[in-house]
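The values are calculated or read from the model by the stated rules, or taken from the named source; none is laboratory data. This one's a predicted model, so the numbers in the text were calculated from it and none came from an experiment. Because the Cβ atoms are built from the backbone with ideal geometry, glycine has one as well, and the counts that use them run over all protein chains shown. Protein only, heavy atoms only, side chains kept; ligands, DNA and RNA dropped before computing areas. Shrake-Rupley method; radii C 1.70, N 1.55, O 1.52, S 1.80 Å.
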There are 2 protein chains.
Amino acid sequence: MSNSKDAVRKILDAVRADKRTSLTAPEGKVVCDAYGIPVPKEGVAKSAAEAARIASDMGFPVVMKIVSPDILHKTEAGGVVVGVKSAAEAEKSYETILANARKYKADAKIEGIQVQQMLGGGTEVIVGSITDGSFGKLVAFGLGGVLVEILKDITFRLAPATKDDALSMLDGIQAHEMLKGVRGGEAVNREALADVIVKVSQLVSDFPEIVELDLNPVFATSKNAIAADVRIVVDFNYKPRPAPRPTEEIVAAMNRIMQPKGVAVIGASAEDGKIGNSVMKNLINGGYKGEIYPIHPKADEILGYKAYKSVKDVPGVIDTAVFAIPAKFVAGALAECGEKKIPGAVLIPSGFAEAGAPELQAEIVEVGKKYNIRLMGPNIYGFYYTPANLCATFCTAYDVKGHAALSSQSGGIGMAIIGFSRSAKMGVSAIVGLGNKSDIDEDDLLAFFEQDPNTNLIAQHCEDLKDGRAFAEAAKRVSKKKPVVVLKAGRTSAGAKAASSHTGALAGNDKIYEDVFKQSGVIRARSLRQLLEFARGVPVLPTPKGENVLIITGAGGSGVLLSDSVVDNGLSLMQMPPDLDAAFRKFIPPFGAAGNPVDITGGEPPITYVNTVKLGLSDERIHALILGYWHTIVTPPMVFARNMVEVKKEMEAKGFVKPIVASLAGDVEVEEAAEYLYQNGIPAYAYSTELPVEVLGAKYKWARGAGLL
Amino acid sequence: MSNSKDAVRKILDAVRADKRTSLTAPEGKVVCDAYGIPVPKEGVAKSAAEAARIASDMGFPVVMKIVSPDILHKTEAGGVVVGVKSAAEAEKSYETILANARKYKADAKIEGIQVQQMLGGGTEVIVGSITDGSFGKLVAFGLGGVLVEILKDITFRLAPATKDDALSMLDGIQAHEMLKGVRGGEAVNREALADVIVKVSQLVSDFPEIVELDLNPVFATSKNAIAADVRIVVDFNYKPRPAPRPTEEIVAAMNRIMQPKGVAVIGASAEDGKIGNSVMKNLINGGYKGEIYPIHPKADEILGYKAYKSVKDVPGVIDTAVFAIPAKFVAGALAECGEKKIPGAVLIPSGFAEAGAPELQAEIVEVGKKYNIRLMGPNIYGFYYTPANLCATFCTAYDVKGHAALSSQSGGIGMAIIGFSRSAKMGVSAIVGLGNKSDIDEDDLLAFFEQDPNTNLIAQHCEDLKDGRAFAEAAKRVSKKKPVVVLKAGRTSAGAKAASSHTGALAGNDKIYEDVFKQSGVIRARSLRQLLEFARGVPVLPTPKGENVLIITGAGGSGVLLSDSVVDNGLSLMQMPPDLDAAFRKFIPPFGAAGNPVDITGGEPPITYVNTVKLGLSDERIHALILGYWHTIVTPPMVFARNMVEVKKEMEAKGFVKPIVASLAGDVEVEEAAEYLYQNGIPAYAYSTELPVEVLGAKYKWARGAGLL
């Protein structure tokens, strides 16, 4: 490839020397040739025999054109023949063109006749690349033509893209059927098309100054994919983002910050209602076992803890400094933290970029860099890390331990996370506020939680990703081990507008987020409630071993709605094999429906639920169960719930571990039953046929992305 | 039009006589001509001058073809000239064709030369019609071409369609921008295209035996819309559904059934656990004030009420007979009800069509018809009508009065409705089980609730609509007065499969439901929870007077997510006028963001919420408010809630009545605050930025459909 790179470098140097911002068509062709991106073949013939040979080599039809510096208007001169279909025709056309040219201008200097591959037919597609502020180089693929421009049916991947990425793009557009050949048209050569995508993505990655590239159209046929036109835009001032910190470095610092030996509270206060007071109380009442050092210019002691004038006066090690002082004093105190070699600062104060003071924020970022202090915030509620009983926040203490780590860019959303977690008895390992993200970002958290043994799911709310590429790379790695769920706010243009007024961040095109999330194995939550429900439910479920989902329902009507949800959430209703069908029929009344859903009918006693669910769990062909419960006098809600939990435990003891979710239709007693089921490993919802299936769907999305299915 | 009808009738008679199932192209052309559906113009010229005149009249370009019974291969004979562009060319072509023909066959009998309008250019679209089992005649519109076939970008309306319906179809496809002219293409003539749609819809309505019709392609240009090809399929055995009962007749019967003077319980029982016992208890404990007549073959008295052997023995009037006897005895008892002239039977028993006994169901339908008894069910839980304190059901009694009338096809979903209603303190006017729908159907309920003063919203769960057309016509009328919300189960193919095993009903194409619901002003719920939340929230909200929605939020992060929801739910964030922006800025801190959302920031006291909401309610340019609350110590949840309710009441007293919804982010105390807000007219949700906006969106959808916006 080094020769290829040299060829491209030479072209780009010439463009730079010319102070141009785009390449000419011939320059574009050279670049494509260098990277093996197919463009129409061409050659110049000096004789009729040579024209026939060149044309035969490249394949018919061809276009033939006079090459003469003295003939500008080739068509007018009779110097062009299109659609030449055979060697004989090529010879004849050579002579015709030559004769026409001589007649047109007898003394014209004729350098030969150009023979060019003639494109057309097949499917017109677009392959391109753009440079995004957050994600950097992206490769794009879509269908050519007006409809696609209108329907915006295009898909993106981070560049460089792998062959698998490229192949997934062909299936990633709405009209993907087009590529399979329709109405007697031929299917495109997927390998050839994917190859073009990979090469484009490699080219723009090798030459970051190529900020925009369009192959439009590319003619994709069953044989090949050839770019009829290439447009390349360059920006020699483009600076790629600096490489993110090494993961080990991130993890080393985050481990100290999240599990500190000592915490300093800068601006600690004995006065009720002060943020520095709330932070102190939360540290104390939360049960944190490390050292607590209140920092205060005058006090000797705060809430029973010896106070210091500066962190520099503290004798012991401080890993985390929580700031509860006005914005203008932060930089100074931060420098003292630097001198004390504190690895992390939790910057609760607002009054920075979000409040029209970007210079204050720039100042603290500089101090942070100088002393290598990682900054969380500013403009945050702080964070909770339950394994260390650590509530480094001014919000209420939260202590229900569990395995979901949540973060939010916004304080309001953070409060919603806390309220929901408490209300739903959702244990968490951590809740982190990221606020202005002057330094610590979603990808830092991913790196920490990846190796945190107390965390088995990461759920993040964000409005922007300052370094989308670093996030995507971290997510791709982490999601192989633990589910990563993201709620991206500012999806819509109205939403994006609000985001920009809130954080000063420009939200990118949502389709890019959509595609990159998918490429990185991220489960995208569509709403706040969904983020929360996924965080709660996904870790509860075991990983399914296959795609066969079975519905067992007492209410036929729930079965229909659950089936709708199965399709909506990308799950597959198992095709019921006859022997299994017969086995289920043994347990249900004759007017019940086997097949899938298995409709046991509403009047059945608990044993019918027990028998069918036991069969569903023990048959190896079934991989996940969705239960539809109907409240009756014969099988009251808590009886159903206790029976299901028993069956689940009994079968687990025998080695049958499968995800089970449940939808409960009935009077208010079903709420208690749903709660009981959830606490015992069966995500269950009252009055909803969609939520349980959404949670199961999220688990499946993760398992597929992680290559476990 | 009667001449036109005669012309079509003549053609159809000929097709019927030939025992054909489709029309030839010339027959199709005659049919189109009769209904004024433009097809390419044509005429036969006997002279060069006439050819020029005919061509000039229809507009260039034209195609000219020899007309001779002796020349079969016109092209071979040099008898065709395409792309004739002027009168002079037409004259010349006439002579050329004639000369060629004579040369080809000197003795050929030449009848003239056909001049035909040449189509092409413009946009290729499809106009067609299909006949649906439930909805009857539907007219369809889509874009022509491969992509549309793949993307299934097509829209339906009930036929006959109005001009407005037809125009809405042009905007009802995904790629509707195509019709506005793209890439320098010309916009289509919307009137001309709509006219074709209306005429097709009229034709198939006038001639029900036309079961399928395709105009494909129609060339739509800025001038006209001309069908290049027509395909008509007929079925002379097609029987349109009988007309539905007159509304007055439905209402008269339903009024007696829902508010009976006397109720008979057929199969009443004194034994706990029996359905006939539960029904009796519910009638008694529910507080029903009319007469209760237990019917039992042997008992003299049941639960303190005099029992009768047959309804025929009852001295007083019976309006409603609730059946709690096995399926096989229903027909007999029903006949007795007929003789007693009881207008309605509530058939709780199962064991009919749903259990593989369609003959039992057919039998009771016959008895019902014979005696003109309306049948509810069979296979239902019964119904509740709270204004009459009537619980004609074996489920638990339910008595929270309100104004939402709900119904479900499935018993399980009915139980979910009851549970949710009780849990959410949602008052209802009625909950009705429809089950097998052997007779009483969703449209009967619509007719009743339309005129029921106790109902102001109708929410229905259905798996199929046996008579979709009757439903659509009723919904179109009723939705002008009261919101109609429908959850259609069996949307997806997997769901549809489950529906058919459940009720034996074939679920139609979901896109048809989608479009007809829209045409009928129905608000479609996407999930069970949404059906319930809409039923709860929509009646609480006053009708907005315009489209300007304003978000006022304490949490910037909620503002972004609420903005996303605004777009997702088809609402419009108001563009903030500068004077209003300035007015809001007076109340919020300098680092808050005015514009829309108005971000008052998190640290503000209650008065800031009060002032901004007061301004939002009093300024006439604002039509609806979405509140984003952030739980802080300065403004605790219940303080916020009480303040908001006070402001609302104060402003309502001044005549400012606008819909307000709220999203509450915070610790668990926000749940109580949300409850308080909801009970006081502000639909509010904890931990959700989407649910409040969905409810507001549903209200707007209804108001637009009802022509109130």
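Here are a few things to note about the model shown:
- Ascending list, in nanometres, of distances separating the A:V30 label from those of the other copies (7 Å, Cα toward Cβ): 7.1
- Mean Cα-pair separation over length for the range B:264-309, i.e. relative contact order, pairs under 8 Å, 6 or more apart, %: 36
- Our summary gives chain B a relative contact order of 8 percent, counting only alpha carbon pairs under 8 angstrom and 6 or more residues apart.
- Highest to lowest packing among B:690-696, A:102-108, A:349-355, B:459-465, scored as the average C-beta count within 10 Å: B:459-465, B:690-696, A:349-355, A:102-108
- Converting phi to 3J(HN,Hα) with the Karplus coefficients 6.51, -1.76 and 1.60 and the offset θ = phi - 60°, the range B:282-290 yields 5, 4, 5, 6, x, x, 4, 9, x Hz in sequence order, with x at every glycine or proline.
- Angle between chain B longest axis and helix B:528-537 axis [Cα atoms, degrees, rounded to 10]: 70
- Seen from a random direction on average, the alpha-carbon convex hull of the range A:293-337 projects onto 3.3 square nanometres.
- The Rg/Rh ratio for the range A:49-90 is 1.02, where Rg is the radius of gyration of the alpha carbons and Rh is the Kirkwood radius.
- Extent along the principal axes, Cα only, for the range B:247-538: 55, 40, 36 Å, with the longest axis given first.
- Relative to the dominant Cα principal axis of chain B, helix B:637-653 is inclined by about 70°.
- Rounded to the nearest 20 debye, dipole of the range A:123-234 from Cβ charges on Lys, Arg, Asp, Glu: 180
- When chain B is reduced to its Cα atoms, the Kirkwood hydrodynamic radius in Å: 29.6
- The order of A:T635, A:T543 by accessible area, most exposed first and with a 1.4 Å probe, is A:T543, A:T635.
- The amide H of B:I292, built 1.01 Å from its N in the peptide plane, has B:V263 as neighbours under 5 Å, considering only residues 5 or more places off or on other chains.
- When the C-alpha to C-alpha distance is required to be over 23 Å, the pairs from A:K289/A:K341; A:K654/A:K701; B:K29/B:K137; A:K29/A:K74 that qualify are A:K654/A:K701.
- Across peptide A:131-139, the mean count of Cβ atoms from other chains lying within 10 Å of each residue's own Cβ comes to 0.
- Two numbers describe the Cα atoms of the range A:634-675: Rg and Dmax, which are 11.5, 35 Å.
- Computed log10 I(q)/I(0) for the range B:227-371 at 0.16, 0.21 Å⁻¹: -0.88, -1.35, from the Debye equation with unit scatterers placed on every C-alpha and solvent omitted.
- Note, ³J(HN,Hα) from phi for the range A:12-22, Karplus 6.51, -1.76, 1.60, rounded to Hz, x at Gly and Pro: 5, 4, 5, 5, 5, 4, 7, 6, 8, 10, 8
- Of all aspartates and glutamates in the structure, the ones whose alpha carbon falls short of 15 Å from that of A:K370, not counting any fewer than 8 places away in one chain, are A:E336, A:E339, A:D439.
- All Cα-Cα distances of the range B:650-709, cut into 10 Å bins from zero to the largest, leave 22, 41, 30, 6, 0 percent in each bin in turn.
- Residues with amide H under 5 Å from that of B:G402, placed H, sequence gap 5 or more: B:V428, B:S429
- Sites B:E191 and A:K545 - FRET efficiency at Förster radius 56 Å, r taken between beta-carbons, to 0.05: 0.40
- Shape of the protein assembly as shown, Cα gyration tensor, a/c cut at 1.5: oblate
- Rounded to the nearest 20 debye, dipole of chain B from Cβ charges on Lys, Arg, Asp, Glu: 920
- Cβ-derived FRET efficiency at R0 51 Å, B:R704 paired with B:E672, nearest 0.05: 0.90
- Alpha carbon centroid spacing (whole Å) that separates the range B:339-415 from the range A:99-178: 63
- Computed from Cα positions, the angle between helix A:606-618 and the longest principal axis of chain A comes to roughly 50 degrees.
- The mean sequence distance of close C-alpha pairs (under 8 Å, at least 6 residues apart), as a share of the length of the range A:542-706, puts its relative contact order at 27 percent.
- Antiparallel bridge percentage (DSSP; both residues within the range A:545-662; nearest 5): 10
- Per residue of A:417-427, other chain Cβ atoms within 10 Å of the residue Cβ number 4 on average.
- A protection proxy built from the mean count of other Cβ atoms within 10 Å ranks the segments B:471-480, A:362-371, most packed first, as B:471-480, A:362-371.
- Pairs of Cα atoms in the range B:542-706 fall into 5 Å distance bins, from 0 up to the last occupied one, in shares of 2, 10, 21, 24, 24, 15, 5, 1, 0 percent.
- Each copy carries a label point for B:R241 at 7 Å from Cα along the beta-carbon vector; from one copy to the others these points are 5.7 nm apart, nearest first.
- Net lengthening on full extension, A:K163/A:S86 (0.36 nm per residue, minus Cα-Cα): 24.1 nm
- Taken residue by residue and averaged, Cβ atoms of other chains lying within 10 Å of the Cβ of A:48-60 number 0.
- For the range B:380-396, 3J(HN,Hα) per residue [Karplus equation, 6.51 cos²θ - 1.76 cosθ + 1.60, θ = phi - 60°, Hz, x = Gly/Pro]: 9, 8, x, 8, 10, 9, 5, x, 9, 6, 9, 10, 8, 7, 9, 6, 5
- For B:R621, label point 7 Å along C-beta direction: distances to other copies, nm: 6.7
- Coordinate range of the alpha-carbon atoms in the range A:123-234 per principal axis, descending: 42, 27, 24 Å.
- Amide hydrogen neighbours beyond the local backbone of B:L487, cut-off 5 Å, H modeled: B:Q460, B:H461, B:C462, B:A525
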